[in-house]
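Step one of this worksheet: look at the structure below.
The values are calculated or read from the model by the stated rules, or taken from the named source; none is laboratory data. Quantities reported herein were computed from a predicted structural model and do not represent experimental measurements. Counting neighbours? That spans all protein chains shown, and the Cβs are built from the backbone with ideal geometry, glycine included.
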Amino acid sequence: MRRSGFKYVVLIILAMGTILIHVNSYMFPYSVLVRHVILFLFIAVGCYLAYESRRRQQEEYNKLRQFLRVCAWCKKISVTDTETGEEKWLGFEEYMSREHKSTSSHGICPACFQQMNKHSDKAAE
């Protein structure tokens, strides 16, 4: 997923906390309580960041697992607005951009390309 580098941020934060505790032990050799508080804070921040990352990934996964209501005529996708609760119909590009924060590109599949060539050949005759 897009957030795969996030675990490295958490590891860096924990490593910085460990280095800070090590440096602190030389600067203040008798302040065991300070070292433990700093270690606890860094572990708490790392756990919170890991939890938030996992929660966001789970939300995205759940969103992708849901059935999509697609209009049989124009192929727009039904989305319920979280703020107002009303139903909106979005085009595919807008849906992907809004719901999944991704962009899309256009192309043509081989079957449609053949159909297009058949129609253009008939029109040329």
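So here's what we get for this one:
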| read-out | value |
| --- | --- |
| Enumeration of residues in the stretch 56-95 that are surrounded by 10 or more Cβ atoms within 10 Å (Cβ to Cβ), in a helix (DSSP H, G or I) and basic (K, R) | R56, K63 |
| Boolean, F42 is part of a helix (DSSP H, G or I), over 27 Å from the mean Cα position of the chain (by Cα) and not aliphatic (A, V, I, L, M) | no |
| Count of residues meeting criterion [in contact with a Lys or Arg (Cβ under 7 Å, 6 or more places away or on another chain) and touching a residue at least 24 places away in the same chain (Cβ under 8 Å)] in the stretch 57-91 | 1 |
| Test result for T84, of a type in the set (V, I, T), modelled with pLDDT of 85 or more and not assigned by TED's automatic domain parsing to the domain that holds V10 | yes |
| Residue selected from the stretch 10-60 under the condition among the hydroxyl-bearing types (S, T, Y) and at pLDDT 75 or above, by the criterion farthest from H100 (Cα to Cα) | Y48 |
